[in-house]
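The following block contains the structure, expressed as structure tokens.
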Amino acid sequence: MISVIIPHLNQEKALRRCLASLCEQGGLREPAEIIVVDNGSLVLPDKVCADFPSVVLLHQPEPGPGPARNLGVSTARGDILAFIDADCVAEETWLSTIERRFEGSPQTTILGGNVRILYDDPGQITLLEAYESVFAYRMKEYIEKRGFTGGGNLAMRAEVFRAVGPFGGITIAEDTEWGQRASRLGFRIRYASEMIVYHPARKTFTELSRKWDRHIAHDFAEMRGEQFWWPRWVLRSAAVALSPVAECRRILVSDRLTGARARLLAFLGVVQIRFYRVRVMLALAGGADVSDLSARWNRP
């Protein structure tokens, strides 16, 4: 059986859409267990979850999707654990793909899926939708080059989770750290292109910048413990500032965008976010508080 675990924080409308997509799955050999773990919402999603009889609702006050996922795992009954975020929509074959891949390949231990952008209006995409279509959720690249995949479209055998251990807390990028820990222990993460979920793009630049605040804070904390970290961090900042030019080819050949307008928007988006990252990186080099960047990702 597959246990689906969904961390949730103040996303009632999106959660309803996510649960509806999970309850409309086809081709499963046996029904899946669905566990929502609320992570401190201002309004608990009791009513939303009650509208889907198969859904179990838990509460995790410790902030961060990692602790929320860990609590879900602690009550899960399935031999396969599948993770999706509350604001995602699962392709109708998402669960059957997971089931088939694990049943058909005993050596498969961890799967990372294909995350696509969910457009509000496919005929008139926004700058952030265009940017994230190309530069967000590049799971195949993350798996092959960096040894991790995203927690919003992730599946594993329950025994693997027990061997690797729980997700980390809010002060780290918990899915990155967990995946790289699993890779170091010898578990292979496989990319499943047909295991598709759709993730909405951020609505505002502030939402996107908070995501990068968290990732930058994690990278900074990691590098600061190494020798000659300061000049290396400043050089990395300079490389980020120059990087939009190098991304032109990626934008032009991407199969996730259609038309000149969308590609121009993607380029403008990458310029904007890369220069924001540079400002934050240089502020950290100058002594800014890294813990503040991590904390405001999950709480106002």
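Kindly indicate which of E226, E222 is modelled with pLDDT under 95, outside the structural domain of A173 (by TED's automatic domain parsing), exposed (fewer than 14 other Cβ atoms within 10 Å of the Cβ) and in a helix (DSSP H, G or I).
Sole residue among the options that is modelled with pLDDT under 95, outside the structural domain of A173 (by TED's automatic domain parsing), exposed (fewer than 14 other Cβ atoms within 10 Å of the Cβ) and in a helix (DSSP H, G or I): E222.
Also: Return the residues of segment 239-263 that are of a type in the set (A, V, I, L, M, F, W, C) and in contact (Cβ under 8 Å) with a residue 40 or more places away in the chain; say none if nothing qualifies.
The answer is V240, I251, L257, A262.
Within segment 17-36, is even one residue outside the structural domain of R210 (by TED's automatic domain parsing), out of contact with any Leu (no Cβ under 7 Å at 6 or more places or on another chain), within 21 Å of I170 (Cα to Cα) and aliphatic (A, V, I, L, M)?
Checked against the condition, which is being outside the structural domain of R210 (by TED's automatic domain parsing), out of contact with any Leu (no Cβ under 7 Å at 6 or more places or on another chain), within 21 Å of I170 (Cα to Cα) and aliphatic (A, V, I, L, M), segment 17-36 yields no hits at all.
Ok, one more. Identify, please: which residue in segment 246-278 is among the basic types (K, R) and in contact with a helix residue (DSSP H, G or I) (Cβ under 9 Å, 6 or more places away or on another chain) and is, among those, surrounded by the fewest Cβ atoms within 10 Å (Cβ to Cβ)?
Here the answer is R261.
Just for segment 52-77: of the residues that are modelled with pLDDT of 95 or more, over 18 Å from G152 (Cβ atoms) and out of contact with any helix residue (DSSP H, G or I) (no Cβ under 6 Å at 6 or more places or on another chain), which one is surrounded by the most Cβ atoms within 10 Å (Cβ to Cβ)?
V56
Residues checked against (1) crowded, with 17+ Cβ neighbours inside 10 Å; (2) at pLDDT 95 or above; (3) part of a helix (DSSP H, G or I):
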{"site": "P7", "(1), (2), (3)": "yes, yes, no"}
{"site": "L15", "(1), (2), (3)": "yes, yes, yes"}
{"site": "C18", "(1), (2), (3)": "yes, yes, yes"}
{"site": "S21", "(1), (2), (3)": "yes, yes, yes"}
{"site": "Q25", "(1), (2), (3)": "yes, no, no"}
{"site": "E30", "(1), (2), (3)": "no, no, no"}
{"site": "V36", "(1), (2), (3)": "yes, yes, no"}
{"site": "V48", "(1), (2), (3)": "yes, yes, yes"}
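In addition: Of the residues W178, W229, which single one is among the hydrophobic types (A, V, I, L, M, F, W, C), free of Cβ contacts under 8 Å to residues at least 12 places away in the same chain and touching a helix residue (DSSP H, G or I) at 6+ places or on another chain (Cβ under 7 Å)?
Of the residues listed, the single one that is among the hydrophobic types (A, V, I, L, M, F, W, C), free of Cβ contacts under 8 Å to residues at least 12 places away in the same chain and touching a helix residue (DSSP H, G or I) at 6+ places or on another chain (Cβ under 7 Å) is W229.
So in segment 160-174, with the set limited to residues that are without any contact (Cβ under 8 Å) to a residue 60 or more places away in the chain and part of a helix (DSSP H, G or I), which one is nearest to N70 (Cα to Cα)?
R162
Looking only at segment 33-55, count how many residues are under 16 Å from A86 (Cβ atoms) and in contact with a Gly (Cβ under 9 Å, 6 or more places away or on another chain).
Going through segment 33-55 one residue at a time, the tally reaches 4.
Would you check if K145 is without any contact (Cβ under 8 Å) to a residue 12 or more places away in the chain and either in the same structural domain as A260 (by TED's automatic domain parsing) or on the phi < 0 side of the Ramachandran plot (or both)?
Answer is yes for this residue.
The values are calculated or read from the model by the stated rules, or taken from the named source; none is laboratory data. Source: prediction; values computed, not measured. Cβ sites come from the backbone with ideal geometry, for glycine too, and all protein chains shown count toward neighbours.
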